[in-house]
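Okay, so here's the structure we're looking at.
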Amino acid sequence: MPDMTPAPAGRDLDALIVGAGFAGLYQLLCLRDRLGLKVQVLEAGDGVGGTWYWNRYPGARCDSESHAYNYTFSKELFEEWEWSERYPDHAEIRRYLDHVADRFDLRKDIRFGTRVVGARYDEAANRWSVTTEAGETLTAQFLITAVGCLSTANVPKFPGLESFQGQWYHTGQWPQEGVDFTGKRVGLIGTGSTGIQATPVIAQTAAHLTVFQRTANYSVPAHNAPLTPEFKAWVKENHAEIRRIMHTNTNGQAFFIEDRSGHEVTPEQRQALYEAAWAKGGLQFRGVFRDMLLDKSVNDTAAEFLKAKIRAIVKDPATAALLADIDHPYAAKRPPIDTDYFATFNRDNVSLVNVRAAPIEAITPTGLRTKDAEYPLDIIVFATGYDAMTGPLLKLNILGRGGQPLAKAWEAGPRNYLGLQVAGFPNLFTITGPGSPSVLCNMPVAIEQHAEWITGCIAHLRDRGLARVETTEAAMAEWVAKVNEAANVTLLPQAHHSWYLGANVPGKPRVFMPYAGGMARYRAICDAVTEKGYEGFVLSD
Ligand code: N01
C-alpha cells in the first residue's frame, strides 16, 4: 500500500515563490510544468493579481495598451483572451490573471492569505527557510521573490493621522468593497499616475474634491475606448509580430520609439508631430523622437507643448499656472496618462492646493492643515506612491549567508547583479529587482524574461548536478556601475523627487534604481551571460 499521507507543506520543496501576480504565476508555471520541480507560491492576498489585487482605487487602469499587457509565451492563451478596452481596468486584469491561473491549473500550488515575514538561508543545508505571519516555516532550495516593484505603500508620516475622525485610504491598499464618495468632502494627496487617474473619477460623486499638489506633473490623454471587433481580430492574427516588437524595443511596449531626432524637423513639423501624438494619446507620446529622453533641448519642446495644453484646457489662469508649473523634464518621472484630468479642474466642486508653497503640517481630527490654512475633510485619499523596488524586498526580512540582512547589504542603496541576484544570498532570485529594466519596461515583458532566465539557470544547475548559484561582489560592482552609466546618459536622474531615485521616501538612499539601458539591450546582456556559462555567477554543488 503506498503511503497516502500528504507531506507536511514545504518539506520537500524545490522552490518557494513569494507573490502571485504576473511574475509569481509565470514563474510557477515555468518551474513546475517545464522543469518538473516541486514549487509553492505564498501570496498575502486572497486571490491572484499581485499589485492588481490591491490597487482597486477609482480610475485604476493600466497605462500599457491591453494587447501589450499580456503574457506572450503562449500563442493559444494570447489568442483566446479578448480585452474589452484600449487600456484594461484593474478588474479586467484580475479576470485575466484568474483565467491564466485556471487555464494552467496554478491555484493548487498557491497558498493565499499567507504573508511572508522572514526568510533565512541555511548554509549547511543549502536551503531557504521562509516564515509566514502565522508562524509557519517552509523550506526550499530556491527562493524567488515575485513581489512587484510598487507594492509597499508609502503613507507619509503626517502628525495627527491617528486622530482623524473621517476615513482615510492609500490607493495601493484599496478596500475590496470600494468607497462611496457621494456627498463627501474629499482630500486627495499626490499627483503621480495614480492621483491623476483617481481625480476625475472621485470628482464625479464627491461634494468637493481638494487635490493637494506638491509637484506638478505632465499628462497626456489616454483616449481610452472599447476595442473594435476589427482591432480584436488584428491582435489575434498578429501574436508573433506583436511579440517581436515587444521583445526588440527599449520599453517592451507594442510600439517602437521613432528613429528620428528632434533636431531633424522644423518647428512646424515638430508641432504637427506632437499634435498627432496628443490626438493618438497614451505612452506613445514619448516615442515621437528618439532623443526626447536624452537631449534636454528636444525634451524642452515636448515639455512646452504639454504645458501649453494644460493652459489651454484649464480655464482658471491661477489653477492652470500651478498645474503647468512643472520642474522636471517630460518623462523623467514616469509619465502619467489620463482621462479628463486637467479638465476636471474646471468643475465647481474641485480645487487645487499648492503644498510645495505651503506644506502639509498635520492631519487634524476634522481634516488637514497646511502651513497656510485648514481644510475640513470627510475622506483623505493618499495617492502618495510606494517605497518602490527595494521596499517590497526589504519587507521580507531576508537573511543571507551568516545571517546577513539584505537591509544591511543594501544600506547605501540596492547592489546586485543584473537585478537578479545579490552576493551573499545564494539561490535567491529577485524578479524585476532593482538594477533591471522592470518599471522602465512594460512589466509583463520584463517579468517573462526574468522568469525564463531564472528557469534556464535552475535547469542548467540541475542538468550538471549542481546545487548553488551565487553572484560575486565583483560582478555586482560592475553591474551597479553599468546601471549608473545607463541612467546618466538620459535625463531621468534630473527629476530629483522621482521614486526611480527613492527620493519620495524620506531617509531612503538616493540611487537610480532601474536599469535604463533598454529592455532589448538588457535581454542581450542576460543572454550573453548565459552563453558564457553564467559569467558573474559561481555555480557549485
Ligand atoms: O505614486 P508617485 P503613484 N506630501 O510616487 C506626492 C505606477 N502606476 O502611485 O512628486 C505631499 O508617482 C508626490 O509628490 P512628489 C507608475 O509606474 C501605474 O502615482 O514626491 N505630497 C507625488 O505627486 C507610477 O509612476 C499605473 O513631490 C506627497 C505623489 O504623491 C507608480 O505606479 C497607474 C507626499 C506620488 O506619486 C507610482 O505612481 C498608477 C507628501 N508627504 C501608477 N508624499 C498603471 O499603469 C508623496 N507625495 C496602471
Inset, instruction - Scan the stretch 435-456 for residues that are assigned to a helix (DSSP H, G or I) and among the hydroxyl-bearing types (Ser, Thr, Tyr) and report the count. - result: 2
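Could we say that Val505 is more than 16 Å from the ligand (Cβ to nearest atom) and over 15 Å from the mean Cα position of the chain (by Cα) here?
Working: more than 16 Å from the ligand (Cβ to nearest atom): no; over 15 Å from the mean Cα position of the chain (by Cα): yes.
So Val505 does not fit the description; no.
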Inset, instruction - Taking the options Gln141, Gln165, name whichever one is over 23 Å from Met389 (Cβ atoms), in a loop (DSSP other than H, G, I, E, B) and not aliphatic (A, V, I, L, M). - result: Gln165
Inset, instruction - Scan the stretch 79-96 and give yes if some residue there is surrounded by fewer than 17 Cβ atoms within 10 Å (Cβ to Cβ) and not charged (D, E, K, R), otherwise no. - result: yes
Inset, instruction - For the stretch 206-213, state whether one or more residues are part of a loop (DSSP other than H, G, I, E, B), surrounded by fewer than 19 Cβ atoms within 10 Å (Cβ to Cβ), over 26 Å from the mean Cα position of the chain (by Cα) and not assigned by TED's automatic domain parsing to the domain that holds Asn504. - result: yes
Legend entry - When residues of the stretch 342-356 are limited to those that are away from the ligand (no atom under 12 Å from the Cβ) and not in a strand (DSSP E or B), the one surrounded by the fewest Cβ atoms within 10 Å (Cβ to Cβ): Asp348
Inset, instruction - Considering every residue within the stretch 42-56, establish whether at least one is under 19 Å from Val130 (Cα atoms) and not in a loop (DSSP other than H, G, I, E, B). - result: yes
Inset, instruction - Scan the stretch 215-230 residue by residue and report those that are surrounded by fewer than 17 Cβ atoms within 10 Å (Cβ to Cβ) and either touching a residue at least 40 places away in the same chain (Cβ under 8 Å) or within 16 Å of the ligand (Cβ to nearest atom) (or both). - result: His223, Ala225, Pro226
Inset, instruction - Please specify each residue of the stretch 57-99 satisfying the condition of being assigned to a loop (DSSP other than H, G, I, E, B) and basic (Lys, Arg). - result: Arg86
Inset, instruction - All but one of (1) away from the ligand (no atom under 16 Å from the Cβ); (2) surrounded by fewer than 17 Cβ atoms within 10 Å (Cβ to Cβ) hold for Val155, so report the exception by its number. - result: (1)
Legend entry - Count of residues meeting criterion [under 21 Å from Pro506 (Cβ atoms), more than 11 Å from the ligand (Cβ to nearest atom) and assigned to a strand (DSSP E or B)] in the stretch 365-401: 2
Legend entry - Residue count for the stretch 28-68, restricted to those that are among the basic types (Lys, Arg) and within 16 Å of the ligand (Cβ to nearest atom): 2
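Select, from Gly187, Gly166, Gly183, Gly178, the only residue that is in contact (Cβ under 8 Å) with a residue 12 or more places away in the chain and within 16 Å of the ligand (Cβ to nearest atom).
Answer to the selection: Gly187.
Condition (residue is within 15 Å of the ligand (Cβ to nearest atom) and touching a Ser or Thr at 6+ places or on another chain (Cβ under 9 Å)) applied to the stretch 476-485: is it met by at least one residue? Give the steps one after another, and end with the answer.
Taking the stretch 476-485 as the starting set, the residues that turn out to be within 15 Å of the ligand (Cβ to nearest atom) are none.
There is no residue in the stretch 476-485 that is within 15 Å of the ligand (Cβ to nearest atom) and touching a Ser or Thr at 6+ places or on another chain (Cβ under 9 Å).
The values are calculated or read from the model by the stated rules, or taken from the named source; none is laboratory data. Here the structure is a predicted model, which means the values were calculated and not measured. FYI the Cβ positions are ideal-geometry reconstructions off the backbone, even for glycines, and counts take in every protein chain you see.
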